[in-house]
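What follows is calculated from the coordinates using simple rules that are stated; it is not laboratory data. Values in this document were obtained by computation on a predicted structure and should not be read as measured data. Positions of Cβ are backbone-derived with ideal geometry, glycine not excepted, and every protein chain shown enters the neighbour counts.
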2 protein chains.
Amino acid sequence: MIRVVLAEDQSMVRGALASLLGLEPDIEVVGEAANGDEAVEVAEATRPDIALLDIEMPGRDGIAAAEELRRRVPGCRVVILTTFGRPGYLRRAMEAGAVAFLVKDSPARDLAAAIRRVLRGERVIDPGLAAAALSAGPNPLSPRERDVLSAAADGSTINDIALRLHLSEGTVRNYLSAAIQKTAARNRIEAVQKAQAQGWL
Amino acid sequence: MIRVVLAEDQSMVRGALASLLGLEPDIEVVGEAANGDEAVEVAEATRPDIALLDIEMPGRDGIAAAEELRRRVPGCRVVILTTFGRPGYLRRAMEAGAVAFLVKDSPARDLAAAIRRVLRGERVIDPGLAAAALSAGPNPLSPRERDVLSAAADGSTINDIALRLHLSEGTVRNYLSAAIQKTAARNRIEAVQKAQAQGWL
DNA sequence: CCTCCGCGATGACAAATGTCATCGCGTGCG
DNA sequence: CGCACGCGATGACATTTGTCATCGCGGAGG
């Protein structure tokens, strides 16, 4: 039996995925988690063959959990299952040690197939997505530019951001201006959206 | 047997939900759809007891599909299953004739339970969400204010919006200003976010 | 050693944005 | 009828935002 731990924050989706995997005769869901921290705990306790992780989760996200799992549960292979096939996500997931990257709008039967392929030692990545990740290149934003752009994402004014990050207003404007240039956007809103679409944020 | 049509754009989630419902001895998934238009077609062809609809889908969304279904397949009860429990969504879903409103982060077993309750003629709505919808009050934005705010959501400049909606720049600024006041925001970005959080957009 | 780069800051400037008062037009409602 | 309200527009104004040049500091790397 292939032993799987499942991490996904929406519990109805989590339950549905568990039932989907339960249909497979050679797969057994041995643990469930609603966020990245839980995923690590459950995996440490159950030592599964596979950890199936969503990315967008409250608290520690799936990518951070993957990194932690590599250290704490070395025998466990990480499969990422995410809504958004963003190039930056794929890149970070691979760097965090994931061996497969699936998007939720691929067919349901791909999931079990991917798990079996991973068990045979293969990596499973959508070819189109891999190409997009390579052609998009690495994240051009410096760490600080990322901080400032993220802080701008919720509609904060320059002043808010300056206070929150302990910077002067001018500095914030400079970082935002740089981020706007690097994302080829026309204002901070477009910059935030383009960066998010790439998975840079 | 309770005959169900399932509409959800992410095909892995759709398949997983189908398998979840398949576990129930008295429920049968007789059709699947990836968007609202398909949902209406499939429901017309199969005449199910229940249409289980996601809201966020490409093309016609779940709420619009509910409205159409009420006319075209009168015997079919609509259950909305959505990621976001936004007050405005609930309100619109009810106005469109839905009899149940579930969010995806409630437990998986609630789904079949809700379907059975609907079949007995009950309405199924999360009490907390119902309270939020009532306390939030109706959408304060005029139709045109909604248009302009939606057009601003993607980072478009005033000029872009004016061209797209065939308005003068001054008019666009006036509408945006009004929307900012009504949402108690400090700029258009906050206004967009607050409006989206309420399901007003 | 020197250079590049990221970080943080300042000042000046142009452009975009948000606010307000005011106007006309039409529609619905008491 | 008179009134309120949504729609569309204009002009003026203050504020915010985006851009640019320039500075200093420190670490990494040829």
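Observations, loosely collected:
- Per-peptide average of other Cβ atoms within 10 Å, ordering A:22-34, B:182-194 highest first: B:182-194, A:22-34
- Charge dipole (debye, nearest 20) of the stretch A:135-201; +1 at Cβ of Lys and Arg, -1 at Cβ of Asp and Glu: 160 debye
- Residue by residue, the stretch A:126-143 carries 3J(HN,Hα) couplings of 4, x, x, 5, 4, 4, 4, 5, 6, 6, 6, x, x, 4, x, 7, 6, x Hz when phi is fed to the Karplus relation 6.51 cos²θ - 1.76 cosθ + 1.60 (θ = phi - 60°); x denotes Gly or Pro.
- On Cα atoms only, tilt of B:169-182 relative to the major axis of chain B in degrees: 60 degrees
- Zone of A:SER135's modelled label, taken as backbone nitrogen in the stretch A:64-103 under 13 Å from a point 7 Å along Cα→Cβ: A:87
- Ordering B:GLY36, B:ALA98, B:THR83 by the projection of their Cα atoms onto the charge dipole of the stretch B:1-109, which places +1 on the Cβ of Lys and Arg and -1 on the Cβ of Asp and Glu, puts B:ALA98 at the extreme positive end.
- Mean Cβ count within 10 Å, highest first, over the residues of peptides B:81-93, B:108-120: B:81-93, B:108-120
- GNM remark for chain B: springs join alpha carbons under 10 Å apart, and the peak mean-square fluctuation among B:VAL13, B:VAL42, B:VAL79 falls on B:VAL13.
- Dipole magnitude of the stretch A:62-139 about its Cα centre (Cβ charges: Lys, Arg +1; Asp, Glu -1), debye to nearest 20: 220 debye
- Gap separating the Cα centres of the stretch B:73-134 and the stretch A:72-99, nearest whole Å: 34 Å
- B:ARG164 label point (Cα plus 7 Å toward Cβ) to equivalent points in the other copies: 2.5 nm, shortest first.
- Simple spin-label estimate for B:LEU23 and A:ASN159 gives 5.4 nm between the two label positions (7 Å along the Cα-to-Cβ direction from each Cα).
- Rounded to whole numbers, the Karplus 3J(HN,Hα) couplings from phi for the stretch B:87-93 are x, x, 5, 4, 4, 5, 5 Hz, using 6.51 cos²θ - 1.76 cosθ + 1.60 with θ = phi - 60°, and x at Gly and Pro.
- For the stretch A:1-64 versus the stretch B:136-176, the gap between their alpha-carbon centres in whole angstrom: 43 Å
- Which of A:PRO25, B:ALA65, B:LEU134, positive extreme of dipole for the protein assembly as shown (C-beta unit charges): B:LEU134
- Chain A residue nearest the rotation axis toward B, with distance: A:ALA16, 2 (Cβ to axis, whole Å).
- Rounded tilt (10° steps) of B:188-198 against the dominant C-alpha axis of chain B: 20 degrees
- Cα gyration tensor shape for the stretch B:2-134, rounded if a/c is under 1.5, else prolate or oblate: rounded
- Here A:LYS182 is the anchor, and the lysines within straight C-alpha reach of less than 20 Å, apart from those fewer than 8 places off in the same chain, are A:LYS194.
- Each other copy holds its own label point for B:ARG47; taking that point as 7 Å from Cα along Cα to Cβ, the gaps run 5.8 nm, nearest first.
- Backbone amide hydrogens, once placed in the peptide plane, bring A:LEU102 within less than 5 Å of A:ILE80, A:LEU81, A:THR82, excluding anything fewer than 5 places away on its chain.
- Dipole size of the protein assembly as shown about its Cα centre, with +1 on Lys/Arg Cβ and -1 on Asp/Glu Cβ: approximately 760 debye, rounded to the nearest 20.
- Inter-copy separations for B:ASP26, label at 7 Å along Cα-Cβ, nm, ascending: 3.8
- For residues of A:16-29, the mean tally of beta carbons on other chains within 10 Å: 4
- Subtracting the Cα-Cα distance of B:GLU169 and B:ARG123 from their residue separation scaled by 0.36 nm leaves 12.0 nm.
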